[in-house]
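Remarks on the structure that follows.
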Amino acid sequence: MAVHMTWRDRGHTLLARPGAGVGLALLAGLLGAGAAAAVPAGLLRQVAWVVVAAFTLLAFGAALRQRLHELWLKRLHPAPGVRVAVPGGRMHVLAEGPVGGPAVVWLPGGHTGGFAMHHLHRALRAEARSVLPDRFGTGWSDTGPFPRSTAREADELVAALDAAGEAGPWVLVGHSFGGLLAANVARRYPGRVHVLVLLDATPLDTLFYGPPLAALLTMHRQAFWGGIARHFGIDIQARRQAQSRADPAHAKVLDHVEAVLGPEVLAAQSVEAQAAAPLFATASIYRELNRYTAVERLWQTVVYDRELDALRVWVVAPGDGEAELSALPEAAGSAAAEQQRVVRVITQTRESWMGVSRQARRIFAPAGTGHNFPVETPAFVVDVVREALRAPRGE
């Protein structure tokens, strides 16, 4: 698939390089020196030179320290799986469990490494082959080429699984944005898929016809500037999370997530969370979640009605959108009629996945759960996947 690189993609490529913060610090120093030289001679110019020198040294020192910290973390937490060569770099694949039947491939939501579904993986690995791939720009994988896109990641994922010896057939299990990726893999490689399990997969209809959610409109920008800050050891995301813990309800959710994911996940989180490159990869691919920038990628990303007719597709999601309202600031403060409209849009657009295959099956998540039910009710998800492993392949 031919990929056109824009000036933004070239910028992401440069900024995602290890140690790019050192170059940024030196560039800032050169620009500052030019500005200081333009200041009229005298005490003011001397002060300007001192400020520029101090800023450059501090930025250079912070960037160098951050790079050394990244290298130390990689030595402290080596990859638990294998890093296989695919076009664009090396991808990390952790595969455990008996071989012989279909393998389960877990694709978490957001642009996150496979570790985000480790709690489901470890619950199933004793009885079935279970695979956690790290997409480019996540976990122990390289950053990969830009632009990042779901279409590109579908091909990269299959190449990585093949290189790791996990040729399938697969039960593809994708949550949220990972569900969109799973559907794209299934569309391109239907003969490799045993069952496609979509855990409240992201329907692009929600982005185009749903409420203009502020969080989706700014996600790629937040990731980009978060990457710039990370080069200098500043973790903006951790600060936001710390602020959110001031809300007891939110703190309870975060504690629950940490307890469910377990200690094995901490190593992967440390490796990914302390590097800048994953944030630039996230910024690139999250442009698909912005209604104003997604149009250029739609033809390669959308899975249309009946495109997966050869496959069994299980659509697993809550029955309504009520549980999501608390997470949508735009809806929380609006009138009841507007809130109900948001619920209807969420409910109807998630049902659109039922049209991609005549063998689609609807499974409702436990009552009271919302979009993050894979963390809220992991035993339910594992039972669904067990059933998918036993199911016959699509006709």
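Helices (runs of 4 or more DSSP H) wholly in the range 328-395 with at least 3 residues that are modelled with pLDDT of 80 or more and of a type in the set (S, T, N, Q) - which ones? Working first, answer last.
Details: elements: 329-332, 336-350, 373-376, 378-390.
Hits in the range 328-395: 336-350.
Looking at the range 95-150 only, could you name the residues that are of a type in the set (D, E, K, R) and over 30 Å from Arg10 (Cα atoms)?
To start, the set of residues in the range 95-150 that are of a type in the set (D, E, K, R) comprises 96, 122, 125, 127, 129, 134-135, 142, 148.
Once the filter is applied, which keeps residues that are of a type in the set (D, E, K, R) and over 30 Å from Arg10 (Cα atoms), the range 95-150 yields Glu96, Arg122, Arg125, Glu127, Arg129.
Within the range 24-64, track down each residue that is within 20 Å of Leu14 (Cα to Cα) and among the charged types (D, E, K, R).
Within the range 24-64, none qualify.
Since Ala275 meets every condition but one in (1) more than 18 Å from the chain's Cα centre (by Cα); (2) modelled with pLDDT under 85; (3) hydrophobic (A, V, I, L, M, F, W, C); (4) surrounded by 15 or more Cβ atoms within 10 Å (Cβ to Cβ), which condition does it not meet?
Single failed check for Ala275: (1).
Kindly indicate which of Pro108, Pro87 is surrounded by fewer than 21 Cβ atoms within 10 Å (Cβ to Cβ), under 15 Å from Leu157 (Cβ atoms) and assigned by TED's automatic domain parsing to the domain that holds Leu196. Steps first, answer last, please.
Numbers: Pro108 fails: surrounded by fewer than 21 Cβ atoms within 10 Å (Cβ to Cβ).
Selected residue: Pro87, the only one of Pro108, Pro87 that is surrounded by fewer than 21 Cβ atoms within 10 Å (Cβ to Cβ), under 15 Å from Leu157 (Cβ atoms) and assigned by TED's automatic domain parsing to the domain that holds Leu196.
Being within 13 Å of Ile285 (Cα to Cα) and not basic (Lys, Arg) is the filter; apply it to the range 218-237 and report the residue that is surrounded by the fewest Cβ atoms within 10 Å (Cβ to Cβ). Let's see the steps before the verdict.
Taking the range 218-237 first, the residues within 13 Å of Ile285 (Cα to Cα) are 218-224.
Right, trim to not basic (Lys, Arg) and you get 218-220, 222-224.
Numbers: Thr218: 13, Met219: 20, His220: 19, Gln222: 17, Ala223: 21, Phe224: 20.
Among those that are within 13 Å of Ile285 (Cα to Cα) and not basic (Lys, Arg), it is Thr218.
Report yes if Ala63 is surrounded by 13 or more Cβ atoms within 10 Å (Cβ to Cβ) and closer than 16 Å to Arg230 by Cβ, otherwise no. Give the steps one after another, and end with the answer.
Numbers: surrounded by 13 or more Cβ atoms within 10 Å (Cβ to Cβ): yes; closer than 16 Å to Arg230 by Cβ: yes.
For Ala63, the condition - surrounded by 13 or more Cβ atoms within 10 Å (Cβ to Cβ) and closer than 16 Å to Arg230 by Cβ - is met.
The values are calculated or read from the model by the stated rules, or taken from the named source; none is laboratory data. Just so it is clear, the structure is predicted and the values come from calculations on it, not from any experiment. Methodologically, a virtual Cβ is constructed for each residue, glycine included, from the backbone with ideal geometry; neighbour enumeration extends over all protein chains shown.
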